[in-house]
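To keep things clear, I will list the structure first and then write my remarks on it.
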Amino acid sequence: MPVTFSNEAIHLAEMHFGPAGYPADTRGSPRRAFQMIREAGLDAMEYAAVYGLRISEERAAALGALADEYGITMSMHAAYYISLASKSDEIRNRSKERLVAGLIFAPLMRVKRVVFHAGGYCGLTPEDAYKVVRNALKEIGTTVLRRGKGALLAPETAGKLGAFGSVEELVRLCAEVDGLIPTIDWAHLHARTQGQMDNKDNYLRVLDTFERELGNRFVHNMHFHVSGIEYSQAGEKAHRPLGQKWGPDILPLLQIVREVGYRPTFISETPNPIHGALYTKLLLDELEKSTE
Ligand SMILES: [Zn+2]
């Protein structure tokens, strides 16, 4: 496997761990959310704008100030109903506008990565859908650059086989469009490949594909989603807790992270996302101790 092992010591402090969305019981208070994340010993959060970005500039800036105060690394998950390959001009344009809005709000909220699902193939061949998606993202890049703002757009591996977002599609997309990095949702990949994320070689193959093509843009901005997952032949059905009961087994992934010296941000999308983030961090801690 042509991954370059750097044998760098792992620095947990340089990695980030946190929940997708506000933890439960925050009663809608952003300060309480950041406090809970810190009290749990975590330091990242993926702001969930999954039903659209319903926040004023003032509140976005207040959120950014809180992220600074609590030392939380921020990303944002853009709306679920983005469909960049849609046959409807209106839906396609609205999808692009949502991503542009995410990018414009990103600096206010200290968001470095705007995660999104590109949508389905919309009846197109995967190759035609690829081109439509790529061109839409190129236009977004131009729009946002013209406004002088910038965060990275981070298309996510999709868990349903009928959705745009295989490893091959994302690596090509990121290579052909500036300002893009992949979000690797390992649970989605597990579902999409019908259970293959269960050994080191298969994890390495995915990481190596991205690293070979994107180099440091990938290595310096690694963004992972982790959770257990339930799936059928069509792919993803539901996110589940990490651990014994559901795949994927993330231990081989964490072993690679340790051995290579990667420093990803881990966002947990388990039903209790704080638990998932802690589970991931503790597993890495244990690996570190066992080899001291
Ligand atoms: Zn995800």
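For residue 259, indicate whether it is outside any loop (DSSP other than H, G, I, E, B), at pLDDT below 95 and in contact with a helix residue (DSSP H, G or I) (Cβ under 9 Å, 6 or more places away or on another chain).
No, not satisfied.
Can you find a residue in region 149-162 that is free of Cβ contacts under 8 Å to residues at least 40 places away in the same chain, touching a Lys or Arg at 6+ places or on another chain (Cβ under 9 Å) and over 25 Å from residue 64 (Cα atoms)?
Yes, region 149-162 has at least one match.
Take region 228-256 and flag every residue that is within 16 Å of the chain's Cα centre (by Cα) and either away from the ligand (no atom under 14 Å from the Cβ) or among the hydrophobic types (A, V, I, L, M, F, W, C) (or both).
229, 250, 253
Search region 216-245 for residues that are at positive phi and in a strand (DSSP E or B) and pair each with any residue that is among the small types (Gly, Ala, Ser) and within 13 Å of the ligand (Cβ to nearest atom) when their beta-carbon atoms are under 6 Å apart and the residues are at least 6 apart or on different chains.
If the second residue must be among the small types (Gly, Ala, Ser) and within 13 Å of the ligand (Cβ to nearest atom), the pairs left are 235/159; 235/191.
Exactly one of (1) farther than 21 Å from residue 158 by Cα; (2) part of a helix (DSSP H, G or I) is unmet by residue 213. Its number?
(1)
With out of contact with any Leu (no Cβ under 6 Å at 6 or more places or on another chain) and either at pLDDT 95 or above or surrounded by 19 or more Cβ atoms within 10 Å (Cβ to Cβ) (or both) as the only criterion, which of 151, 136, 163 stands out?
Result of the check over 151, 136, 163: 163.
I'm checking my understanding of the structure. Among residues of region 63-96 that are in contact with a strand residue (DSSP E or B) (Cβ under 6 Å, 6 or more places away or on another chain) and among the polar types (S, T, N, Q), which one is nearest to the ligand (Cβ to nearest atom)?
75
The values are calculated or read from the model by the stated rules, or taken from the named source; none is laboratory data. As the structure is a computational prediction, the values presented were derived from the model and not from experiment. Counting neighbours? That spans all protein chains shown, and the Cβs are built from the backbone with ideal geometry, glycine included.
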